[in-house]
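Structure, as structure tokens:
Since every read-out is calculated from the coordinates, none of them should be taken as a lab result. Keep in mind that this is a model prediction, so the values were computed, not measured. Here the Cβ positions follow ideal geometry from the backbone for every residue, glycine too, while neighbour counts run over all protein chains shown.
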Ligand SMILES: O=C(O)C(=O)C[C@]1(C(=O)O)C=C[C@@H](O)C=C1
């Protein structure tokens, strides 16, 4: 057992990863719908040695009442049969104490906490309390909103309850504009959560990011290029008639094809395409940075106009010290180097005062006279 910066105590060897350098593949239906559907799907998945864990939704958190909410305990029986027959490890989502108790009773191997549960510290604490003294791996999906502290907090609650075999699952975030995804990947958060929770395996759930089969490959590729430790891909023997998330599930046959195209064996080898993709990501992030700097400069200009009208000094030591202190606090939380962030904000401050100097020395804008 080892401790790390975030004070998480982790097992030396997780049961969630294959133990080898290859990404773990978790597959199985969004929802357990019948014993037949579960077994047919699992038997096909078992033929692909790259798949090691069978997932199934047993209790489904649905947006509105009246939608299919899962078969609960009955489905745990089917999952047990899948495990007995195929030898695949099994995983289910738990959202409260009774789910945990039932899942443990039926010998489920791995639990996960869903995005809608991670958002609520009370629910996560309830799950953590129900797991006290239990030795089971738990995976935690990111909260629906892009709040990485909340994600880390869920890990910490489980860890404090004694769960040391932990993993993170990136399933995308709900943002004002998720297009073309169902949930925005916000790829930049990958590095941030890795810094916050070093040593914790990070898997990707491309099904919930994409929301559509045709986007799965692109999302998987990006996740693999960013060094994901595993993929959780929803797989159904007949996706078109699935009772939940039909458009994002693939058949076991298509999963097999997808994994082959992704060429999991070579993801850890240097490849020029990977460099190309990473550079595209840098381009995108740099453009976002420039846009944000432009917006900040514009606000500074408006403050300059206010200062000119009210005869205030450009340099405001109190305010600036506060800005630096707060930005460094955030930098430390995200794992960024303090000196680096300080240097950037010094440059931003100089530039901001330069803009205000120009405003001060320009004539006040003329009022437009209505004719
Ligand atoms: O808050 C102000 O008064 C500003 O003018 C903004 C700003 C900044 O860029 O953040 C710029 C100059 C001051 O020294 C403090 C802060």
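Considering only 128, 317, 197, the Gaussian network model of the chain with Cα springs below 10 Å gives its largest mean-square fluctuation to 317. Among 187, 151, the order by Cβ neighbours within 10 angstrom, fewest to most, reads 187, 151. On the beta carbon distance between residue 101 and residue 81, with R0 = 25 Å, the FRET formula returns roughly 0.80. When the Gaussian network model of the chain links Cα atoms closer than 10 Å, the mean-square fluctuations of 225, 351, 236 top out at 351.
Taking a ≥ b ≥ c as the square roots of the eigenvalues of the Cα gyration tensor, the stretch 1-104 is oblate, since a/c reaches 1.5 or more and a/b is not larger than b/c.
In the chain, what % of DSSP beta bridges are antiparallel (nearest 5)?
Working: 3 of 31 bridges.
Percent antiparallel among DSSP bridges in the chain is about 10.
In this label model, residue 63 and residue 261 are separated by 2.7 nm, measuring between points 7 Å along each Cα→Cβ vector.
What FRET efficiency comes out for residue 188 versus residue 296 if R0 is 22 angstrom and r is the Cβ-Cβ distance? Round to the nearest 0.05. Spell out each step's value before the answer.
Details: r = 18 Å, r/R0 = 0.82.
Rounded to the nearest 0.05, the efficiency is 0.75.
Taking the longest Cα principal axis of the chain as reference, the axis of helix 73-86 is set at about 70 degrees.
Note on residue 34 and residue 348: the model spin-label points, each 7 Å out from Cα along the C-beta direction, lie 5.8 nm apart. Would you calculate a helix-derived [θ] at 222 nm for the chain, using -39,500 (n - 2.57) for each DSSP H run of n ≥ 4 and dividing by the full residue count, to the nearest 500? It lands at -15500 deg cm²/dmol.
The overall shape of the stretch 105-182, judged from the alpha-carbon gyration tensor, is prolate: a/c is not under 1.5, and a/b is greater than b/c.
Could you order peptides 202-214, 295-307 by the average number of other Cβ atoms within 10 Å of their residues, highest first? Don't jump to the answer; show the numbers that get you there.
Details: 202-214: 22.5, 295-307: 14.4.
Output ranking for 202-214, 295-307: 202-214, 295-307.
To the nearest ten degrees, helix 317-334 and the longest principal axis of the Cα atoms of the chain are 20 degrees apart.
Of the peptides 56-63, 138-145, the order by per-residue mean of other Cβ atoms within 10 Å, starting with the highest, comes out as 138-145, 56-63. For the chain, a Gaussian network of Cα nodes joined below 10 Å ranks 127, 282, 136 by mean-square fluctuation, and the top entry is 282.
Taking 0.36 nm per residue of sequence separation and removing the Cα-Cα distance, the residue 326/residue 310 pair yields an extension gain of 3.1 nm. Placing a label point 7 Å from the Cα of residue 18 along the Cα-to-Cβ direction, the residues of the stretch 34-77 whose backbone N falls under 13 Å of that point are 48-53. Using a simple spin-label model with pseudo-atoms 7 Å out from Cα toward Cβ, residue 253 and residue 358 lie 6.3 nm apart.
Helix 252-262 and the long axis of the chain differ in direction by around 50°, with both axes built from C-alpha atoms. The Rg/Rh ratio of the chain, with Rg taken over Cα atoms and Rh as the Kirkwood radius over Cα pairs, comes to 1.07.
Just subtract the alpha-carbon distance of residue 214 and residue 282 from 0.36 nm times their residue separation and send over the number in nm, one decimal.
Numbers: separation 68, 0.36 × 68 = 24.48 nm, distance 2.46 nm.
Stretched out fully, the residue 214 to residue 282 stretch lengthens by 22.0 nm.
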